[in-house]
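K.L.:
Take a look at this one; I'll ask things after.
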Amino acid sequence: MQLTMIGAIQNALDVAMEMDPDIVVLGEDVGYFGGVFRCTAGLQEKYGKTRCFDTPISELGIVGAGIGMATYGLKPCVEIQFADYMYPAYDQIVSEAARLRYRSAGEFTCPMVIRMPTGGGIFGGQTHSQSPEALFTHVTGLKTVVPSNPIDSKGLLISALEDPDPVIFLEPKRLYNGPFDGHHDRPVTPWKKHALSEVPDGHYTVPIGEAAVRKTGDALTVLTYGTMVHVALAAADKTGIDAEIVDLRTLLPLDTETIFASVRKTGRCVIVHEATLTCGFGAELAALVQNECFLHLEAPIARVAGWDTPYPHAQEWAYFPGPDRVGRAFREALEDW
Amino acid sequence: MTTDTSPLSLHVPEPEYRPGDVPDYSRVSIPKAGSVSRPTVDADPETFRDHAFSIIRVLNRNGDAVGPWAGMLDDAELHEGLRHMMTLRAYDARMMMAQRQGKTSFYMQHLGEEAISCAFQKALAPGDMNFPTYRQAGLLIAAGYPLLKMMCQVYSNDGDPVRGRQLPVLYSSKEHGFFSISGNLGTQYIQAVGWAMASAIRGDNKIAAGWIGDGSTAENDFHAALVFASTYKAPVVLNIVNNQWAISTFQGIARGGAGTFAARGHGFGIPALRVDGNDYLATHAVAKWAAERARRNLGPTVVEYVTYRAGGHSTSDDPSAYRPKEESEAWPLGDPILRLKAHLIRRGVWTEARHVQAEAEINDEIRGVQKEAEAIGTLHDGSRPSPGDMFEDVYAEMPPHLVRQRQEAGY
């Protein structure tokens, strides 16, 4: 069936809830209304108010109560309405969800999924546009997933719901309704024209911890995820550079095998993410690549990222690392070093 | 419109007494034992709002159990309660000394607060879950958890059920209804509510108990817990142990000048009781009432236990630096062990001689357990969890980067 990313996420929840009566969905506006982005539409009607319900506006409460439910034996899938709203819940995520298995030597565990829309491109300003993935990948005990298309969204979300540990599931909201490639001045392309929107019916999984090569190439390796996968593809198209584009899909645990194999092949590496540059996930990628592929590198590892400013409103497209900036980095990476 | 333009001034609350002052609580009015009514568990909370401002007490000055909250425990149960409290006190004393001897890094005792956790546990049923703080080890003792395991946890030795990963006293035992203690304050309160909600979602009949101290009620988790508990009528007992002191900060800093901690429940429409936390019988009776209310799907109850932290916050602070040494003695609610002992003597089922004998027996038992624990190891000696073990249980399955790091570390 053909689905948008929203449809795929909704369908993943539906399939998983049907199979596993322990899955409960909670968050702000997720019940009767079906979520501000509609990702939980119809679930309350189908599964009842005790399996999909609205919560008070308290991210700490949503995650904290979810942890309690998970330790009871349920599998909560909680929604934080925007990743930017996550901060009040951070203590519960870092000190509790991520640490419970360790501190109780496996006696109490926390199988829960924390979904949140991330990234910009929707004129959301600084409180509806952030990409806080590095704040999660830095926390041991968490797994962090960022899908870039409908088929992965469903398969990864089902994997996350079946995982024995807490999973942070980041949904690039600019991709919800189409494979946005950074060309904000062009008409929106809908998912239905994209091959990865043809989503299998029923249950299937995309394993956590496996990257996907979206485009093979020999000139350079692009390490990216989420919205930037499509931006990188557009930049490769625009520049005509034979880039190999690796969609990481899971940031932690990271598929280093695929990453290192690609960089060893191309000898050049450009890292692209929307989150701010300094101490972003790209820094970890760069460190790993230089450590493992040093003798294969023919150029410095480049990073293209959001500027180290808060996400601005009017200047959104000057901030967003679009295909021009990414393409420029590709060309620089190919120069003689 | 006011014409007063004098400068504003900030109010910073101060406790009544600091070191060098002579504490005097004689004018503090303590409600008489037996004077507070006992509503039915399904009574309209509006009809007993004043219970959040009074103190429910059962044991009077003569050691008699009086009033509507009395008469819930038989002789054997009272003997058991006394033994649990005495065991906790003796255990604390041994562990405090062990810390001073360098056998572990840190310890936190319950001195003066033994009744609360020991009595509360007896109000729960198997399968219920406590989400405790670091000062409720009486829950474990009253649930029959082995002292040896507790001690091994304190020593972080090879017998430590949590493999040396947690600070001393941050116990965990699912089987005994004791949730893994966090070192971050307040986080467990909302988790208790979520756990209770899960029991209701499943249609089970288990209830949860959240625990928090007076100081930590200022944490956001407390507010979230009360909102969620009230919204979903979660089957949870929300306990607040008001021991007057948060390290060196008196309870007025968390509470301000208004109301009581119990009364915070009213703002959420949650019924609230305030109880003499140094009165084993009152504490047990109130716990039983709140637990029954939760189990009958009538929703949450806030319970404030009025008590006094007679010792330091932990082995890392000296209370004489911030409060008068005499304050503990002057505290009007007395000592929970001495009060229950007096009651049992009054009932004719206990004597001074038997008490001395029981103390000796308990001390012997604890010394024996300590020998056993130390034969396994202490923080710095003997058999301890292997360094390689620190890489386990981060995830259900060790991810490749941790496997690499463990190899790099040489384990």
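The values are calculated or read from the model by the stated rules, or taken from the named source; none is laboratory data. Computed from a predicted structure; not experimentally measured. Here Cβ is always computed from backbone atoms with ideal geometry, including for glycine, and neighbour counts include all displayed protein chains.
K.L.:
Regarding the range B:242-249, can at least one residue be identified that is among the hydroxyl-bearing types (Ser, Thr, Tyr), surrounded by fewer than 24 Cβ atoms within 10 Å (Cβ to Cβ) and closer than 19 Å to B:Tyr305 by Cα?
P.N.:
Looking through the range B:242-249, at least one residue is among the hydroxyl-bearing types (Ser, Thr, Tyr), surrounded by fewer than 24 Cβ atoms within 10 Å (Cβ to Cβ) and closer than 19 Å to B:Tyr305 by Cα.
K.L.:
Checking A:Pro310 against (1) in contact with a strand residue (DSSP E or B) (Cβ under 6 Å, 6 or more places away or on another chain); (2) not in a helix (DSSP H, G or I), which single condition isn't satisfied?
P.N.:
Status for A:Pro310: all satisfied but (1).
K.L.:
Let me ask something additional. Name, by its number, the condition in (1) of a type in the set (S, T, N, Q); (2) in contact with a helix residue (DSSP H, G or I) (Cβ under 7 Å, 6 or more places away or on another chain); (3) away from chain A (no Cβ under 12 Å) that does not hold for B:Asn242.
P.N.:
(2)
K.L.:
Is there a residue being of a type in the set (S, T, N, Q) and either at the interface with chain B (Cβ under 7 Å from one of its Cβ atoms) or part of a helix (DSSP H, G or I) (or both) anywhere in the range A:99-107?
P.N.:
Yes.
K.L.:
Looking for something modelled with pLDDT of 95 or more, over 26 Å from B:Lys371 (Cβ atoms) and among the hydroxyl-bearing types (Ser, Thr, Tyr) - is there at least one such residue anywhere in the range B:119-137?
P.N.:
yes
K.L.:
For residues that are in contact with a Leu (Cβ under 8 Å, 6 or more places away or on another chain) and either at pLDDT below 95 or over 17 Å from B:Gln188 (Cβ atoms) (or both), tally how many sit in the range B:144-170.
P.N.:
6
K.L.:
From the list A:His128, A:His138, which residue is surrounded by fewer than 24 Cβ atoms within 10 Å (Cβ to Cβ) and free of Cβ contacts under 8 Å to residues at least 40 places away in the same chain?
P.N.:
Exactly one of A:His128, A:His138 is surrounded by fewer than 24 Cβ atoms within 10 Å (Cβ to Cβ) and free of Cβ contacts under 8 Å to residues at least 40 places away in the same chain, namely A:His138.
K.L.:
How many of the residues in the range B:31-71 are modelled with pLDDT under 95 and crowded, with 16+ Cβ neighbours inside 10 Å?
P.N.:
1
K.L.:
Shifting gears a bit: Condition test on A:Met69, is it buried (at least 22 other Cβ atoms within 10 Å of the Cβ), more than 26 Å from A:Ser129 (Cα to Cα) and in the same structural domain as A:Lys143 (by TED's automatic domain parsing)?
P.N.:
In short, yes.
K.L.:
Need pairs with beta-carbon distance below 6 Å; first residue more than 9 Å from chain A (Cβ to nearest Cβ) and within the range B:173-186, second of a type in the set (S, T, N, Q) and part of a strand (DSSP E or B); sequence gap 6+ or separate chains.
P.N.:
B:Gly177/B:Asn130; B:Phe178/B:Asn130
K.L.:
Residues of the range B:201-210 being within 8 Å of chain A (Cβ to nearest Cβ) and either within 25 Å of the chain's Cα centre (by Cα) or in a loop (DSSP other than H, G, I, E, B) (or both), which ones?
P.N.:
Selection gives B:Ala208 alone.
K.L.:
Can you find a residue in the range B:68-88 that is more than 23 Å from the chain's Cα centre (by Cα) and of a type in the set (Ser, Thr, Tyr)?
P.N.:
No, because not a single residue in the range B:68-88 is more than 23 Å from the chain's Cα centre (by Cα) and of a type in the set (Ser, Thr, Tyr).
K.L.:
Would it be correct to say that A:Leu288 is touching a residue at least 12 places away in the same chain (Cβ under 8 Å) and under 21 Å from the mean Cα position of the chain (by Cα)?
P.N.:
Against the criterion (touching a residue at least 12 places away in the same chain (Cβ under 8 Å) and under 21 Å from the mean Cα position of the chain (by Cα)), A:Leu288 qualifies.
K.L.:
Please work out if B:Glu408 is in contact (Cβ under 8 Å) with a residue 60 or more places away in the chain and part of a helix (DSSP H, G or I).
P.N.:
No: the conditions fail for B:Glu408.
K.L.:
Looking at B:Leu167, B:Leu148, which is the one that is of a type in the set (A, V, I, L, M, F, W, C), surrounded by fewer than 24 Cβ atoms within 10 Å (Cβ to Cβ), in a loop (DSSP other than H, G, I, E, B) and more than 7 Å from every other protein chain (Cβ to nearest Cβ)?
P.N.:
Of B:Leu167, B:Leu148, the one residue that is of a type in the set (A, V, I, L, M, F, W, C), surrounded by fewer than 24 Cβ atoms within 10 Å (Cβ to Cβ), in a loop (DSSP other than H, G, I, E, B) and more than 7 Å from every other protein chain (Cβ to nearest Cβ) is B:Leu167.
K.L.:
Do any strands (runs of 3 or more DSSP E) lying entirely in the range A:199-285 carry at least 2 residues that are closer than 21 Å to A:Leu295 by Cβ and not assigned by TED's automatic domain parsing to the domain that holds A:Ile168, and which ones are they?
P.N.:
Filter on the range A:199-285 gives A:220-224, A:243-247, A:269-276.
K.L.:
Now, a different point. Looking at the range B:130-145, is at least one residue buried (at least 22 other Cβ atoms within 10 Å of the Cβ), within 13 Å of chain A (Cβ to nearest Cβ) and of a type in the set (A, V, I, L, M, F, W, C)?
P.N.:
Looking through the range B:130-145, at least one residue is buried (at least 22 other Cβ atoms within 10 Å of the Cβ), within 13 Å of chain A (Cβ to nearest Cβ) and of a type in the set (A, V, I, L, M, F, W, C).
K.L.:
Answer with yes or no whether B:Ser6 is under 17 Å from B:Tyr308 (Cβ atoms) and at pLDDT below 95.
P.N.:
no
K.L.:
Still on this model: Check B:Ala123 against each of (1) in a loop (DSSP other than H, G, I, E, B); (2) within 17 Å of B:Arg309 (Cα to Cα) and name the one condition it does not meet.
P.N.:
(2)
K.L.:
Something else about it: Read through the list (1) under 18 Å from the mean Cα position of the chain (by Cα); (2) more than 10 Å from chain B (Cβ to nearest Cβ); (3) not in a helix (DSSP H, G or I), then give the number of the only condition that A:Asp84 fails.
P.N.:
(3)
K.L.:
Right, another one. Would you kindly identify the strands (runs of 3 or more DSSP E) lying entirely within the range B:232-309 that contain at least 1 residues that are closer than 22 Å to A:Tyr72 by Cα and touching a residue at least 24 places away in the same chain (Cβ under 8 Å)?
P.N.:
By residue number, B:236-242, B:301-306.
K.L.:
Take B:Arg354 and decide whether it is within 14 Å of chain A (Cβ to nearest Cβ) and either modelled with pLDDT of 95 or more or part of a helix (DSSP H, G or I) (or both).
P.N.:
Taking the combined requirement at face value, the residue does not satisfy it.
K.L.:
Given the options B:Leu59, B:Leu111, B:Leu139, name the one that is under 26 Å from B:Gly259 (Cα atoms) and within 21 Å of the chain's Cα centre (by Cα).
P.N.:
Of B:Leu59, B:Leu111, B:Leu139, the one residue that is under 26 Å from B:Gly259 (Cα atoms) and within 21 Å of the chain's Cα centre (by Cα) is B:Leu59.
K.L.:
Right, here's the next one. May I ask you to list the residues in the range B:310-336 that are surrounded by fewer than 22 Cβ atoms within 10 Å (Cβ to Cβ), of a type outside the set (Ser, Thr, Tyr) and not in a loop (DSSP other than H, G, I, E, B)?
P.N.:
B:Pro319, B:Ala321, B:Glu329, B:Ala330
K.L.:
While we're here: Step by step: first the residues of the range B:355-411, then only those that are under 24 Å from B:Gly81 (Cβ atoms) and acidic (Asp, Glu), then the one that is surrounded by the fewest Cβ atoms within 10 Å (Cβ to Cβ). Which residue is that?
P.N.:
B:Asp364
K.L.:
May I ask you to verify whether A:Tyr47 is more than 9 Å from chain B (Cβ to nearest Cβ), within 21 Å of B:Gln191 (Cβ to Cβ) and out of contact with any Phe, Trp or Tyr (no Cβ under 9 Å at 6 or more places or on another chain)?
P.N.:
no
K.L.:
Another one. Just one of A:Asp324, A:Asp308 is within 21 Å of A:Gly240 (Cα to Cα) and surrounded by fewer than 16 Cβ atoms within 10 Å (Cβ to Cβ); which is it?
P.N.:
It is A:Asp324.
K.L.:
What pairs come up if the first residue lies in the range A:194-208 and is modelled with pLDDT under 95, the second is surrounded by fewer than 19 Cβ atoms within 10 Å (Cβ to Cβ) and assigned to a loop (DSSP other than H, G, I, E, B), and their beta carbons are under 8 Å apart, counting only those six or more places apart or on different chains?
P.N.:
none
K.L.:
Of everything in the range A:87-131, what is hydroxyl-bearing (Ser, Thr, Tyr) and under 18 Å from the mean Cα position of the chain (by Cα)? Give them in sequence order.
P.N.:
Selection gives A:Tyr87, A:Tyr90, A:Thr118, A:Thr127, A:Ser129, A:Ser131.
K.L.:
Given the options B:Asp21, B:Asp42, name the one that is in a loop (DSSP other than H, G, I, E, B) and touching a Leu at 6+ places or on another chain (Cβ under 7 Å).
P.N.:
So the residue among B:Asp21, B:Asp42 that is in a loop (DSSP other than H, G, I, E, B) and touching a Leu at 6+ places or on another chain (Cβ under 7 Å) is B:Asp42.
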